[in-house]
Structure formats: C-alpha cells, structure tokens
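The values are calculated or read from the model by the stated rules, or taken from the named source; none is laboratory data. This one's a predicted model, so the numbers in the text were calculated from it and none came from an experiment. Using ideal geometry, Cβ is built from the backbone for each residue, glycine included, and neighbour counts are taken over all protein chains shown.
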Amino acid sequence: MTVFPLRPLLVVEDSAEDFTALTRVFRKLNLPHPVVRCEDGDQALAYLQGHGQAAGWPDTMPALVLLDLNMPGTDGRAVLEAVKQDPRLQALPVVVLSTSSSRRDVEHCYQLGANGYLTKPIQYATFEAKLRLTVQYWLEASELPRIN
C-alpha cells in the first residue's frame, strides 16, 4: 500500500489578522494537513499554475483552496475565474471567504465556479463553527479529485 502525504490546504488571504484567526481554528481542529498561505492573487496563481516549480512550494496540489475575495491587485474573483477556466485546475475545490455578504458577490462567485461561499463573521465563535463545518466536509467527508 502506498501512503500519500496529506495534500495541503491553500489559504489565499492578504490580511495577517484573518490568516492568524484561520490558523488558530486549524490548530484547535488538529488539522493534519499542512497549510500554505499566498498573500495575494498573483502568488496563488503562480503556485497553482506552476506547482512544484518554485523552491519552497509544495509539489502537490492543495486539497482545498480558501480564497479571500477582496484583495489588492489580482483579487479573488480573478483567481477563481482563472482556476475554473484552467482544465488542469477546474476540479480543485475553491471556497470563497469574504466579509461581503452582497447577493451580487455571492451569485457572481457561484457563476465563476465557486464550490462554496462563506462570509467572515465578526464573532470568532461563529467563524470557528463555519470553518469547522467547511473543513470537515471538504477534507473528511468528500471524495476529492486527484489533481496533478
């Protein structure tokens, strides 16, 4: 039997504060997957489209992408669109994390191919509960595609 290392969880988040909150939840959940952070859309696309090519980046594709929507430069919408239009990446689950609860943003992300959309609540306990459910669903309950 071949044992595969756990695929990483990719977090695309420009806010250090939000990333710290995410990692706090992951530690509390004893998340066994390594967490890779990209601080902007360009860095995320460089990793996803050229995985294994840059020193220090994992050579495996992530199991799940948690994508901030509103970032300077290449924002989450552009990353989502690029991922879902790339035949090599389109099966990759992407869940948008945003402070925006605008119906327009939610609908647009689903039109672009998002697999989920979560608003970032102000209260930490609510944030933790949402992330717990998301991580359990995508990393424990779902059968994920193998993406090379």
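Data overview
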{"quantity": "Candidate set: the stretch 59-107, residues that are under 23 Å from E143 (Cα atoms) and touching a Lys or Arg at 6+ places or on another chain (Cβ under 8 Å); chosen: the one surrounded by the fewest Cβ atoms within 10 Å (Cβ to Cβ)", "calculated": "Q90"}
{"quantity": "Qualifying residue in the stretch 94-104 (condition: closer than 15 Å to P8 by Cα and touching a residue at least 24 places away in the same chain (Cβ under 8 Å))", "calculated": "yes"}
{"quantity": "Checking L45 against (1) surrounded by fewer than 16 Cβ atoms within 10 Å (Cβ to Cβ); (2) in contact (Cβ under 8 Å) with a residue 24 or more places away in the chain, the condition it does not meet", "calculated": "(1)"}
{"quantity": "Any pair with Cβ under 6 angstrom, 6 or more apart, that starts in the stretch 129-148 at a residue that is closer than 21 Å to Y47 by Cα and ends at one that is modelled with pLDDT under 90", "calculated": "I147/M61"}
{"quantity": "Criterion: in a loop (DSSP other than H, G, I, E, B), under 19 Å from A44 (Cα atoms) and touching a residue at least 12 places away in the same chain (Cβ under 8 Å) - qualifying residue of L66, L89", "calculated": "L89"}
{"quantity": "Unique residue being in contact (Cβ under 8 Å) with a residue 12 or more places away in the chain and touching a Pro at 6+ places or on another chain (Cβ under 9 Å) when the list is T119, T60", "calculated": "T60"}
{"quantity": "Residues (over 17 Å from F127 (Cβ atoms) and buried (at least 18 other Cβ atoms within 10 Å of the Cβ)) located in the stretch 15-35", "calculated": "none"}
{"quantity": "Selection from the stretch 11-25 of residues that are in contact (Cβ under 8 Å) with a residue 60 or more places away in the chain and over 15 Å from V135 (Cα atoms)", "calculated": "V12, E13, D18"}
{"quantity": "Residues that are of a type in the set (K, R), more than 13 Å from L67 (Cα to Cα) and assigned to a loop (DSSP other than H, G, I, E, B), drawn from the stretch 106-148", "calculated": "R146"}
